[in-house]
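J.: Just passing along the structure, written as structure tokens.
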Amino acid sequence: MRVMPSQPKIFSGGAASSGHLASGAGGSPSRSWGLIVLAIVIGLLVLVGAVSLGVFFLLREQPFDVPEWQDPLTLVNADLIDPALALAGLGGVPDGDLSARALNQARADTAFSVLVFSPSIGDRESAGDFLLLANRYRNDNRPEYAVACYRLAGTIATLSPDLPDTVRAETFVLAGEGLADLGQFGLAQLYFDQAYNVATVSPYLQAATRRNVFQRLHQGYQVIDDRERARVSLERSAEAFPVVTVVESPPVLPVAEPPLMSLEVQQSEARRWEAAQVLASELVEHGGRVPPELVTALGGALVAEDQAKLPYFDSQLAATSQLSVQISIIQARINWLAVKHRVARLGYGISLVPEWEAEAEAIRADLTKSYELLFALYADLIVAMPDAEQIDLAAEEILRREILAGTLGRYPNYPAEQRITQLYQAAERLVEVRPGEKMRVVVLPYNGVDSLVLVDDAGFLAATHRD
């Protein structure tokens, strides 16, 4: 009997959304030369001793405690955010640049707020910044936040379709090393195990990279007193790995381009930028004390922008039937609602629009509905693809993106259990038609706490077909 997992503890529950991804129909796809070469590389890896770590996960004793997942938004502390710096985001500075600026200025809580709220920062950049932020929190003697940041980086590495396996393995190792230093041996083991799995079965890592990962894992496992895995990692580091000539394929789905904005919307945005820049400058000049009218001016500009943007997005959605355009519009709507939600939750370190603070739950619900529509549109786009093989790949990819957005807290109340079930169905199809090409995401208990884990095909089948 096949057993699907109960609702993972690390996800927030919620009502089912309208998005539903159908898997592609059709027979086995033809094998290109690239897939033949890929199969040869995978075969060589097996010959040099690759063993499914996924099966090992199911049998292995896991003696270390693993803390329950905590919604990152609950860790945002408005009192510790630097308003003068945070307001640069409302003044036109992109979130990715603002995060880097906050890290450079040792404004850890400002960087954390940016990274947690913003849906516009790429996964690779977010994972890297969370690792840097974890180190900053360690230097500030705030281990709880350091642990959260390492875990967020590891979660992105597990779920994101955008990270190449080289970056994925490095992120896992760095997160594991940091967590081991903090005494969080259970979480360290979780990420060391995933780094081990990537180094063992990924057909895309060069020999030097693979060897380096195993060498660091040998040291990392020793720190957490996992002697058996430390010994195996040392042995693996001495092996002769095959030369890799296969290029890792990029994600299937295109990135949504920003839609064109009306003159009214552009002008409202420009007024908000100007008001934010003035307020930020005054905060710096007067040591955090500014005339209330400047705060009121920025709040009024935000409300005016909201009144211009939301009706414009709705009218543009109604005026087009082209799925790619609709996706671009709804993504822009999500980006704006994320700003509005951050204002409502005091994520800029200052009260700007008190009425939004009173309506925070309603804004959050609007954000949920927008995400539901986004992934429903992606589902329609995927089903319309002419190539059944592309449908299979895109179905798994978008489900991983949706689960990642929900896990990071950006997509509130997403339907976790339903999406995990659909992800398993999509991955099972890919194991059948494209075996060994990518690793699969499963939910496995680490000392009783359900955790997202990357495994190979054998591990996936073992995890999802348990009697």
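The values are calculated or read from the model by the stated rules, or taken from the named source; none is laboratory data. Just so it is clear, the structure is predicted and the values come from calculations on it, not from any experiment. With ideal geometry, Cβ positions are generated from the backbone for all residues, glycine too; neighbour counts draw on all protein chains shown.
J.: Of the residues Leu408, Leu430, which single one is out of contact with any Phe, Trp or Tyr (no Cβ under 9 Å at 6 or more places or on another chain) and within 30 Å of Val339 (Cα to Cα)?
T.: Only one candidate qualifies: Leu408.
J.: Can you report the number of residues in segment 107-157 which are closer than 16 Å to Pro251 by Cβ and touching a Phe, Trp or Tyr at 6+ places or on another chain (Cβ under 8 Å)?
T.: Residues in segment 107-157 being closer than 16 Å to Pro251 by Cβ and touching a Phe, Trp or Tyr at 6+ places or on another chain (Cβ under 8 Å): 2 in total.
J.: State the number of residues belonging to segment 381-407 that are modelled with pLDDT of 95 or more and either within 24 Å of Ala362 (Cα to Cα) or not hydrophobic (A, V, I, L, M, F, W, C) (or both).
T.: 10
J.: Which one is surrounded by the fewest Cβ atoms within 10 Å (Cβ to Cβ) among residues in segment 68-93 that are within 30 Å of Gly448 (Cα to Cα) and touching a Gly at 6+ places or on another chain (Cβ under 8 Å)? Steps first, please.
T.: First, the residues of segment 68-93 that are within 30 Å of Gly448 (Cα to Cα): 68-77.
Checking which are touching a Gly at 6+ places or on another chain (Cβ under 8 Å) leaves us with 71-73, 76.
On the way: Asp71: 15, Pro72: 22, Leu73: 19, Val76: 20.
Of everything passing the filter in segment 68-93, Asp71 is surrounded by the fewest Cβ atoms within 10 Å (Cβ to Cβ).
J.: Between Thr421, Thr407, Thr368, which is touching a residue at least 40 places away in the same chain (Cβ under 8 Å), among the hydroxyl-bearing types (Ser, Thr, Tyr), more than 27 Å from Glu305 (Cα to Cα) and surrounded by fewer than 21 Cβ atoms within 10 Å (Cβ to Cβ)?
T.: From the options Thr421, Thr407, Thr368, the qualifying one is Thr421.
J.: Here is a further query. I'd like the full set of residues that are touching a Leu at 6+ places or on another chain (Cβ under 9 Å) and either in a loop (DSSP other than H, G, I, E, B) or acidic (Asp, Glu) (or both), limited to segment 164-183.
T.: Of everything in segment 164-183, just one residue is touching a Leu at 6+ places or on another chain (Cβ under 9 Å) and either in a loop (DSSP other than H, G, I, E, B) or acidic (Asp, Glu) (or both), namely Asp165.
J.: Would you kindly identify the helices (runs of 4 or more DSSP H) lying entirely within segment 349-467 that contain at least 1 residues that are within 18 Å of Ser160 (Cβ to Cβ) and acidic (Asp, Glu)?
T.: Ranges flagged: 388-407.
J.: Looking at segment 150-198, which of the residues that are within 19 Å of Arg227 (Cα to Cα) and among the charged types (D, E, K, R) is surrounded by the most Cβ atoms within 10 Å (Cβ to Cβ)?
T.: Top of the filtered list is Asp193.
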